[in-house]
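The values are calculated or read from the model by the stated rules, or taken from the named source; none is laboratory data. Everything quoted here is computed from the prediction, not taken from an experiment. Ideal geometry is used to build each Cβ from the backbone, glycine not excepted, and the neighbour counts take in all protein chains shown. Areas reflect the complete protein model, heavy atoms only, side chains present, ligands, DNA and RNA absent. Shrake-Rupley method; radii C 1.70, N 1.55, O 1.52, S 1.80 Å.
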Amino acid sequence: MHLITARMIRHILIAPVFWTAKFVLWLRYRVRIEGREEVKHLKEKVLILPNHPAFIDPPIVLTKLWRHFYPRPMVWEGVYRNPAVGWLMWLLDSVLIPDMDVASRDARARASQAVQEVIKGLKEGKNHILWPSGRLMRDGAENLGSARAVHDILKEVPDVNIVLVRTEGLWGSGFSFAYNGELPNLTARLLHGMGTILSNLLFFTPRRHVKMTMRELPREELPAEPSREAVNTHLEAWYNANGYERATHRSYHFLFGSDEYDFPPVRTAPEINLMRIKAPTKMALREMIEAKLERRLTEEEYKPDVKLEDLDLDSLDRMELTLEIESRFRYRSAVAPTTIAECWALAQGLLDTAQAPPPAREWFKKGPRKPKKRPEILGESVPEAFLRRALESRTQTAVADDNSGAVNYERLLIGAHLLARRFRKIDGPHVGLMLPATVAADLAFVALHLAEKIPVMLNWTTGSSNLEHAVETMGLTHVVTSRQFIDRTHIHMEGAEYLYLEDLRKEISPLEKVSALMRVRFFGQSMHLGLAHPKSDEPAVILFTSGSEKAPKAVPLTHRNILSNLRAAIEALSPTREDKLLGFLPPFHSFGLVVTSLLPILGGMRVVHHPDPTDAGNLVRKTKAYGASIVTGTPTFLGRMLERAENGELSSVRLAVVGAEACPEWVFERFAELCPHGELLEGYGVTECAPVVSVNRPGEARRGSIGQPLPGVEVRIVEPDTFEPLPRGEQGMVLVHGENIFPGYLDGGTSESSAETFHELDGKRYYVTGDLATL
């Protein structure tokens, strides 16, 4: 009784929408139907399979078939999110299918669930409608490629009744790919369509002639156990029985319109420089594709222009392959590759991701900061320095990224305050943090400090065993991360519970947000009263060594370590409050955390984050768009940016600081060419040194040198075996002394200082780096 009532209510709500849609479509489209009588006898367990020439064919097909079949449509979830038609998708009880062009494990799982939902509905006798190709027609003919949905449904529901629908006359419509050679903007086209009808006084609207052909597909036309290829070939043959459809235009006004229109060519993917694809990359990709196909590829099948769908890899297979490539080669892509060449390009780091959105206007807002004034650290602990900076510079922009836009200090403090309330409920002093370089990572880091927790930065690139070692070593019960990040990286970790920032954000009520705003804006100084004041020698963060030879070591950096290093770096490099940093190194990297996150946030500068350090194209575009003046990283990452950049795109850079490896000569030369007003400096740092030890000074740089020690940092070069100091010019092992030196590795939360880690020399305690250098 409950199901019948629900169905009746749905039909009552749909009725006025149905008749309105039918009337509006009638004003613009004259539809001729053939074969309707052939399918009228079908009532239940019907699967309707239309072709998909344009975004407008689904409502046309539904209005013609709705009152007879009441089918439940399978709809791309992007349409569901569209405010113009999303409510209608809900009313139709649509089965949502995720975007299959985007590599996502969550999307793959939801796509499989959607197909299973259709299978379940058909087995219960319900009717469904889905578009087999899963995308708009691209060239005037329907191409199913290796789409698997229909095959999977036929396999599970062999007695299903199939109705084929072929719609002709819409290729060339503003809702089709043919109109401007790219995917139509659905909202814009709907508004344009309504404007067309209104400007023609409703009944004078020029009408497009559409032919809709229906046919029942007898199962005997298909093999008893049809393969995916057999099903798709049969459907394509029927959809394209009249050949490639010619694009036609219909005028938009009965007095001033014209049926003449020059259709542009369909846009193609940018060319890939195959000369940059290395032979080992091609070999590795071939093995990956052959493993997925469970057969060997011929030479003809492994050519650059071969489409993956022609190798019988459907959208789910292509998504799986993309995720495997990303996991193995550490590069990312916004869309799943469609050809062999694009697979090579992704593995080689040559496939551009989706272009980053332009900066928010707030990024360029001029606050009361004094442009020529140096950044200043205002406290003796991380939480004190952050709170004092945020209250002093509350209206100034602090951080930015693509998801959060430009965030000022007041918003950052409010967000940290709200998160801290939730982090305080976690048992234990340590909380894991696993996020790329983003505003969310900065926010979570300072929120943990306000909650009197010590962030433990987890390096997800070292593998699950090392992550689990970190969890066990530090006794972690919770790890702060995001669903989007875990979906893309597919990281599983035993022993700790994930705290997703998206879920925590949903817990915050509007009233709580207003309360936090009032407190920060009008009673901000009172927040000092409830602020914990950790001692300067207490840990401010726990980082981990790479663990390349053995289990990673836990490196605690104290508040004094970090803040003294920041103050020394400011004195050495002389940045100003007007400088803008580009931050892309992950915060589990000591340089990424201290220099590209804490330095600007605590010092009063601006930093724009990008989560993927391998995405050279967007890093270049972001540098130009945000006017970044300081870029820091490794020579490898900077070199990739220089390879991608064109003249003028990096002209805002006045300072680039690189370390971790020797900087090649060509990077210096290319930097001088693209950054005529900039200076490239090499430096040296170690995680245990919080992290910067030395750097070349602006205006005094010497190529091939890692520069001079920071102010307050002492460096000694000693004989590696005897620890005897060596004279200038002789190579030896580097020892470092200063306030930036960590107290010792942690073992289960207890500081562990060993003779191998430190060495006493002339009454001073030096850290033994193990690195060789010449003074």
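Out of ARG148, ARG166, ARG108, which single residue is touching a residue at least 24 places away in the same chain (Cβ under 8 Å) and under 30 Å from GLY193 (Cβ atoms)?
ARG166
Looking at TRP131 and the list (1) closer than 20 Å to PRO50 by Cα; (2) surrounded by fewer than 20 Cβ atoms within 10 Å (Cβ to Cβ), which single condition is not satisfied?
(2)
Looking only at the range 26-71, which residues are open to solvent by 50 Å² or more (accessible area, probe 1.4 Å), touching a residue at least 60 places away in the same chain (Cβ under 8 Å), farther than 30 Å from ASP99 by Cα and part of a helix (DSSP H, G or I)?
ARG36, GLU38, listed by residue number.
List the number of the failed condition for GLU646; all other conditions in (1) of a type outside the set (Val, Ile, Thr); (2) within 20 Å of THR576 (Cα to Cα); (3) part of a loop (DSSP other than H, G, I, E, B) hold.
Among (1) of a type outside the set (Val, Ile, Thr); (2) within 20 Å of THR576 (Cα to Cα); (3) part of a loop (DSSP other than H, G, I, E, B), GLU646 violates only (2).
Are there any strands (runs of 3 or more DSSP E) wholly within the range 706-775 with 2 or more residues that are touching an Asp or Glu at 6+ places or on another chain (Cβ under 8 Å) and at pLDDT 90 or above, and if so which?
Per the criteria, 714-718, 731-737, 764-774.
Can you give me the ranges of the helices (runs of 4 or more DSSP H) entirely in the range 423-537 with at least 3 residues that are surrounded by fewer than 21 Cβ atoms within 10 Å (Cβ to Cβ)?
464-474, 483-489, 501-507, 510-523
Please determine, by comparing only the residues of the range 218-261 that are within 30 Å of ASP159 (Cα to Cα) and acidic (Asp, Glu), which one is surrounded by the fewest Cβ atoms within 10 Å (Cβ to Cβ).
Step one: of the range 218-261, the residues within 30 Å of ASP159 (Cα to Cα) are 218-242.
Within this subset, residues satisfying the condition of being acidic (Asp, Glu) are 220-221, 225, 229, 236.
Numbers: GLU220: 7, GLU221: 10, GLU225: 9, GLU229: 12, GLU236: 18.
Result: GLU220.
Which of (1) in a helix (DSSP H, G or I); (2) without any contact (Cβ under 8 Å) to a residue 60 or more places away in the chain; (3) under 19 Å from the mean Cα position of the chain (by Cα) does GLY592 not meet, given it meets every other one?
(2)
Kindly indicate whether GLU300 is open to solvent by 80 Å² or more (accessible area, probe 1.4 Å), within 30 Å of ILE153 (Cα to Cα) and assigned to a loop (DSSP other than H, G, I, E, B).
no
Among (1) under 23 Å from ASN561 (Cβ atoms); (2) at pLDDT 90 or above; (3) basic (Lys, Arg), which single condition is ARG411 missing?
Every listed condition holds for ARG411 apart from (1).
Any idea how many residues of the range 155-173 are buried (at least 21 other Cβ atoms within 10 Å of the Cβ) and more than 21 Å from GLU236 (Cα to Cα)?
Result for the range 155-173: 1.
Just to be sure before I move on: is GLU260 in contact (Cβ under 8 Å) with a residue 24 or more places away in the chain, farther than 30 Å from LEU122 by Cβ, acidic (Asp, Glu) and part of a loop (DSSP other than H, G, I, E, B) in the structure I sent?
no
Across the range 303-326, what is the number of residues that are open to solvent by 70 Å² or more (accessible area, probe 1.4 Å) and either modelled with pLDDT under 80 or in contact with an Asp or Glu (Cβ under 9 Å, 6 or more places away or on another chain) (or both)?
Looking only at the range 303-326, we keep the residues that are open to solvent by 70 Å² or more (accessible area, probe 1.4 Å), and these are 303, 305, 307, 310, 312, 324.
Subsequent filtering for residues that are either modelled with pLDDT under 80 or in contact with an Asp or Glu (Cβ under 9 Å, 6 or more places away or on another chain) (or both) retains 310, 312.
So the count comes out to 2.
Suppose the filter is open to solvent by 10 Å² or more (accessible area, probe 1.4 Å) and either at pLDDT below 95 or touching an Asp or Glu at 6+ places or on another chain (Cβ under 7 Å) (or both); does THR596 pass it?
no
Does SER546 qualify as being modelled with pLDDT of 95 or more, among the small types (Gly, Ala, Ser) and either outside any helix (DSSP H, G or I) or within 29 Å of MET474 (Cβ to Cβ) (or both)? I'd like the intermediate steps shown before the answer.
Details: modelled with pLDDT of 95 or more: no; among the small types (Gly, Ala, Ser): yes; either outside any helix (DSSP H, G or I) or within 29 Å of MET474 (Cβ to Cβ) (or both): yes.
When the stated conditions are applied, SER546 does not pass them.
Cβ-Cβ below 9 Å, separation at least six or inter-chain, first residue in the range 729-748 and over 19 Å from LEU761 (Cα atoms), second assigned to a loop (DSSP other than H, G, I, E, B) and open to solvent by 20 Å² or more (accessible area, probe 1.4 Å): which pairs?
GLY729/LEU775; TYR745/THR545; TYR745/LYS553; TYR745/SER753; TYR745/SER754; LEU746/LYS553; ASP747/LYS553; GLY748/GLY475
So which residues in the range 199-220 are modelled with pLDDT of 90 or more and either within 19 Å of VAL85 (Cα to Cα) or of a type in the set (Asp, Glu) (or both)?
Within the range 199-220, GLU216 is the sole residue that qualifies.
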